[in-house]
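See below for the structure under consideration.
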Amino acid sequence: MKVEEAYKKSIETVLNWIQTTVNPRKTQGVTTESSGLYLQESWSDASDTMIVYSAINGQSLNMVMSCGDSSFIPVRPSGFAILPDGNNGGGGSLLTIGLQMLQTGHQTAKLLIESVETVNNLMTCTIQKIKDALGVA
């Protein structure tokens, strides 16, 4: 199998797995949004794969679907991109993750440490789930 074909097959596996099993809202007890729906955009070709998502509540979604004003709806996109490493024979990939989380309350040292731990846990779990979907050790 050519590298491009293997890469495309791997990416299709990740996309299918994410669409059926990954819930970006709740990962190992970490909740990034309290409830709602997700807007998601995904793209895949030979050069890269990208998945971007953002929580949106049902009322806002209904307003947008009814041609209402969407300018007031807060969108905090998160997501990831998988790119081939450029080595034609290596079959490696580069994973880039971007997350946005709403920080509430006053900034204190304790809150800051908890936020860092939350982001670290979320990113670690996200990376592991992507690796599991690709069958990478």
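Read-outs throughout are calculated quantities, based only on the coordinates presented, and are distinct from any laboratory measurement. Quantities reported herein were computed from a predicted structural model and do not represent experimental measurements.
At a glance:
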read-out: Potential lengthening between Ser42 and Ile73 on full extension [0.36 nm per residue; Cα-Cα distance subtracted]; value: 9.1 nm
read-out: Stretchable slack from Thr96 to Gln59, in nm (0.36 nm times residue separation minus alpha-carbon distance); value: 10.2 nm
